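Since the structure comes first, as structure tokens, the remarks are kept for the end.
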Amino acid sequence: MKKHLLTTLGLFCCLVASFAQETDEKKDKGEFSGNFQNTNQFYVNDPQIGTNTTQYKRELSSTDAWLFLSYKLKGFKFNLRYDVFNNTPLFNPSEAYTKSGIGIWSVSKDIDKLNITVGYFYDQFGTGMVFRAYEDRNLGLDFAVNGARVIYTPTENTQIKAFTGLQKFRFDLRPEVIKGINAEHRIEINENLNTQLGASVVNRTIDQSTMNNIVGGINNYELENRFIPKYNVYVGNIYNTLSYKKFTLYTEYCQKTKEAIFNPLINRMELKDGRVYYTSLSYSTKGLGINGQYKRIESFSLRTSPLENLNLGMIAYLPSLTRQNTYRLLARYNAVVQELGENALGLEFTIKPQGEFFKKHQTTININTSVVTGKNDFDLTRLNPVNFSDDTARYFREHYIDVSHKFTKKLKAMLGFQYINYNQQLFEQQSAQYKYVTAKTYFGEVTYKLTPTRSLRVEAQYLDTKQDLGSFINGTVELNIAPHYSFSIGDMVNVNRVIRNTQASSSDLVHYWNVFGSYTYKTTRITGGYLKQVEGVNCTGGVCRVEPAFSGVRLTLQTNF
Amino acid sequence: MNNSKKYIKIAQIVIALVLLFSACDEEIPTGLNLTPERSVFDTTYITPVIPSPQPGNVLIEDFTGVKCVNCPRAHEVAKKIMTSNPNRVFVLAIHPLNYLDQFTKPFVEGDDHISKYDFRTKEGGDIFELLGRSSSMPIGAINRVLFSGESTLLIEDSKWNAKTGEQLAKNAIVNIDTFGKKGIYYAEANKIRINVKLTYTQNTNDSQYVSIALIEDDLIDPQKNSPATVDEYEHNHVLRRMVTPSTGKQLKGPIVAGKVFETTYEYVTTPTETWNKKNLKVVVFVHNGTSGSNKFEVRQVKEYAIN
């Protein structure tokens, strides 16, 4: 492995050097760029908030770092990323993973209307529901594909992509071959009406060794539950974006052929085909934006093999229709997309009243509502039931409103309310003590400009729930000194707490406080802080993972060059 | 718009090709068992008294064929190893169906000789595939171990003796026993009852499987040999049928020292399975599952006559 890495690194340097040398003569040095990101964590055990992973007992610190280098010259592009993981909980919170090496490399070349890439690449077809190779460092995901890709752009309105390769898994590759083709074509019918059509086909082939494991599992089922698994699965989609004046309609249909998928509800594999229907309609005019979305998933688990679960081996990316919240307490409960089946409906309004007073004060109102149910339990007559707990088919529901207003040139404020119903048993596989969590969160933010370069921001949230860990209050005071410094101090307090996974008595107030500072110089940002973080689900766009509580020091460095 | 029509046409062709491919029939995966269970009684418990471990026996899986000119040489190698290590080494002579037909197909009319039997079995083909199949014969697996310096489980017969010696030095992690005369016997004229007791003497994290094979000795039929085909060649240890799935039957639950699996299997011969009862034997072997660095490795093997 080491030899392989050195060879790759050597090859990269030689290629870059030889091209640089050749072009020195022509005074063309190409373009070199890159970035570096580093996170260091020092763990301080705090049984009161339930810190219990290996890093608190043994390793006491961890480091993640990524150095990305890119060199462009004469239509060639060389990419290389070196990854460092020392005792990291990033891939699996209960593990301390240590390994360093070349994470990805690639060489690509533009030849007229053709782009060819070999090595590792990230890409997606359409919204990514049939294929998405992407990286999310926040969640420890890296679904790069190692292989070859060709992109052909015959006209500015048409693009055809094709690839074949293996999915990356840490510093290794999954053995299942993935290949696919995608075509997109834009047609401008007239100045008010245009449409963009797309279609893709993806195929995944299971290797013999993985098939042996699948067969071994099937042979242990009761006879009536056994089936003939498939080596190949084919997935296709067609999608279209239709724009007419202020309206945009997006529709997508995905279908996959029968293959073995794992159903955790019955704890065994089944032979099933699957499909997804997705549509969104948006309307935008001066002072008003409306977006409505609907998605239905039926057994659409597309992974490198049915033996992978959670966030492992994902080939398809199924986006969430629920609101992506950023405030700490508002983002506490998220709807993990249910690939085995769900119905989701989301509706969002952005209103900017057009009266003189409101325009002057930049008043904006955001309203969002969403509901997620099981795939067989969608009933339009029950879209807004009074009591969520009585409706056990529901997975998730959220109502959200915020209003922001600029009172003076120096003072602006925002107030809002969020109401959530959350099926915790489903999303987090928690004990059945509370299957459903009902949470009401009141939140607000005030920003006051002290001087042209200094501002003070205060945010506060109160999450009221009788379930899960109980209620929380969160407050943060932040001082920004442009262009270099930012400091904040905050505390999140667990009030009316419910005992779960902690050792403190129920009468203690549990504080999750944090102190944070950052320094920014040009494209470099250094941050440091001491923080306590409550256990919960961390999500990006419907892909989530349950993260344990954190207590300790976190230092980060990020730079682009 | 002409371009649009062209691209739509291309898309239609691509979709048609994909549908064509997806409609193609795939081979049924090796080792998949869709037949009813042959185990009629099953119990598991933990014994407080852990018995002494049995010496580790060795299984030689000899992949062979009646038209393979060098295979008799491998039969001799296996026979010598068995004779030198009585009751410690057992052989399965596997004639894989659908693989290496030029070596394994029986002699038929039009050939210089005619076979009475077709020794090939689907299970034999499954096992050949599972262990990584080879493009040549004779070839064999010794306890299904991937030996140091080897890239495959299947190795040439010239290496069998030395590798068997290595394996014989080990103790088994699981003892295989039966129950005397009422252990493995003919319950009815065409029904073989097999009572097996497996007792683990060590913990293991490897997934564990048990495989049971029916073999037949003393089958007289043509065999290619050097320099000429032998008409009355004695074929021994010929794999006739697997009682368990070809990949084995999984032993469920954590495997700890003292864990006992007692299982009764029944095999009912069909009218076409005209095997000589007197020459039938049962080979029981316990092995690792299909994943891990030492996948498939045989952890103990025993052979029994049928009473």
Exercise. For the range A:313-347, what are the residues that are over 21 Å from A:GLN424 (Cα atoms) and part of a loop (DSSP other than H, G, I, E, B)?
Worked result: A:GLY313, A:ILE315, A:ALA316, A:TYR317
Exercise. Is it the case that B:ASN279 is surrounded by fewer than 21 Cβ atoms within 10 Å (Cβ to Cβ), in contact with a helix residue (DSSP H, G or I) (Cβ under 6 Å, 6 or more places away or on another chain) and either among the charged types (D, E, K, R) or more than 27 Å from B:SER151 (Cα to Cα) (or both)?
Worked result: no
For this session: Among the residues of the range A:394-418, write down those that are under 17 Å from A:THR350 (Cβ atoms) and β-branched (Val, Ile, Thr).
Result: A:ILE401, A:VAL403
Seminar exercise, completed: Considering the range A:238-264, residues that are touching a strand residue (DSSP E or B) at 6+ places or on another chain (Cβ under 9 Å) and assigned to a loop (DSSP other than H, G, I, E, B), and then whichever is least open to solvent (accessible area, probe 1.4 Å), we arrive at A:LYS246
For this session: Collect the residues in the range A:388-418 that are among the polar types (S, T, N, Q), open to solvent by less than 70 Å² (accessible area, probe 1.4 Å) and modelled with pLDDT under 90, keeping them in residue-number order.
Result: A:SER389
Exercise. Of B:THR263, B:THR199, B:THR244, B:THR270, which residue is among the β-branched types (Val, Ile, Thr), under 23 Å from the mean Cα position of the chain (by Cα) and open to solvent by 40 Å² or more (accessible area, probe 1.4 Å)?
Worked result: B:THR270
Problem set entry | Residue count for the range A:219-235, restricted to those that are open to solvent by 20 Å² or more (accessible area, probe 1.4 Å) and in a strand (DSSP E or B) | 2
Exercise. Across the range B:247-260, what is the total count of residues that are open to solvent by less than 30 Å² (accessible area, probe 1.4 Å), within 12 Å of another protein chain (Cβ to nearest Cβ) and assigned to a strand (DSSP E or B)?
Worked result: 1
Exercise. Within the range A:189-218, how many residues are over 31 Å from the mean Cα position of the chain (by Cα), more than 8 Å from chain B (Cβ to nearest Cβ) and open to solvent by less than 30 Å² (accessible area, probe 1.4 Å)?
Worked result: 1
For this session: Assess whether B:ILE114 counts as being touching a residue at least 40 places away in the same chain (Cβ under 8 Å) and open to solvent by 60 Å² or more (accessible area, probe 1.4 Å).
Result: yes
For this session: Just need a number here: residues in the range A:28-59 that are crowded, with 16+ Cβ neighbours inside 10 Å, hydrophobic (A, V, I, L, M, F, W, C) and at pLDDT 95 or above.
Result: 1
For this session: Please find, among B:PHE90, B:PHE107, B:PHE128, the residue that is closer than 26 Å to B:THR229 by Cβ, open to solvent by less than 30 Å² (accessible area, probe 1.4 Å), in contact (Cβ under 8 Å) with a residue 60 or more places away in the chain and not in a loop (DSSP other than H, G, I, E, B).
Result: B:PHE128
Problem set entry | Residue under evaluation B:TRP275, criteria (1) within 14 Å of chain A (Cβ to nearest Cβ); (2) assigned to a loop (DSSP other than H, G, I, E, B), criterion not met | (1)
Exercise. Which one is most open to solvent (accessible area, probe 1.4 Å) among residues in the range A:287-334 that are touching a Ser or Thr at 6+ places or on another chain (Cβ under 7 Å) and of a type in the set (Ser, Thr, Tyr)?
Worked result: A:TYR294
Exercise. For the range B:65-95, how many residues are charged (D, E, K, R) and in contact with a strand residue (DSSP E or B) (Cβ under 7 Å, 6 or more places away or on another chain)?
Worked result: 1
Seminar exercise, completed: Matching residues in the range A:441-459 (modelled with pLDDT under 95 and under 25 Å from the mean Cα position of the chain (by Cα)) number 1
Exercise. Residues in the range A:294-307: is at least one part of a strand (DSSP E or B) and closer than 22 Å to A:GLN196 by Cβ?
Worked result: yes
Seminar exercise, completed: Over the range A:219-235, the set of residues touching a Lys or Arg at 6+ places or on another chain (Cβ under 8 Å) and within 7 Å of chain B (Cβ to nearest Cβ) is A:ASN219, A:ASN220, A:LYS230, A:ASN232, A:TYR234
Exercise. From the residues in the range B:35-62 that are at pLDDT 85 or above and closer than 26 Å to A:ASP207 by Cα, which one is farthest from the other protein chains (Cβ to nearest Cβ)?
Worked result: B:ASP62
Exercise. In the set A:THR155, A:THR88, which member is polar (S, T, N, Q) and open to solvent by less than 30 Å² (accessible area, probe 1.4 Å)?
Worked result: A:THR88
Problem set entry | Where B:THR164 falls short, out of the listed (1) open to solvent by less than 40 Å² (accessible area, probe 1.4 Å); (2) closer than 20 Å to B:LYS67 by Cα | (2)
Seminar exercise, completed: In the range B:68-86, residues that are without any contact (Cβ under 8 Å) to a residue 60 or more places away in the chain and either in a loop (DSSP other than H, G, I, E, B) or in contact with a Pro (Cβ under 8 Å, 6 or more places away or on another chain) (or both) total 1
Problem set entry | Residues that are part of a strand (DSSP E or B), surrounded by 15 or more Cβ atoms within 10 Å (Cβ to Cβ) and of a type in the set (A, V, I, L, M), drawn from the range A:459-488 | A:ALA460, A:LEU463, A:ILE473, A:LEU479
Seminar exercise, completed: Those residues of the range A:265-286 which are open to solvent by 70 Å² or more (accessible area, probe 1.4 Å) and in contact with a Leu (Cβ under 8 Å, 6 or more places away or on another chain) amount to A:LEU265, A:LEU281
Exercise. Residues of the range B:233-246 being within 14 Å of chain A (Cβ to nearest Cβ) and among the polar types (S, T, N, Q), which ones?
Worked result: B:THR244, B:SER246
Exercise. In the range A:171-182, is there at least one residue being more than 14 Å from every other protein chain (Cβ to nearest Cβ), farther than 24 Å from A:GLU339 by Cβ, touching a Phe, Trp or Tyr at 6+ places or on another chain (Cβ under 6 Å) and surrounded by fewer than 21 Cβ atoms within 10 Å (Cβ to Cβ)?
Worked result: no
Exercise. Do the conditions hold for B:ILE215, that is, is it modelled with pLDDT of 95 or more, surrounded by 22 or more Cβ atoms within 10 Å (Cβ to Cβ) and more than 22 Å from B:ASN171 (Cα to Cα)?
Worked result: yes
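The values are calculated or read from the model by the stated rules, or taken from the named source; none is laboratory data. Only a predicted model underlies this, so the values are computations on that prediction, with no experimental measurement involved. We place every Cβ from the backbone using ideal geometry, glycine too, and count neighbours over all the protein chains shown. Ligands, DNA and RNA are excluded from the accessible area calculation, which covers all protein heavy atoms including side chains. Shrake-Rupley method; radii C 1.70, N 1.55, O 1.52, S 1.80 Å.
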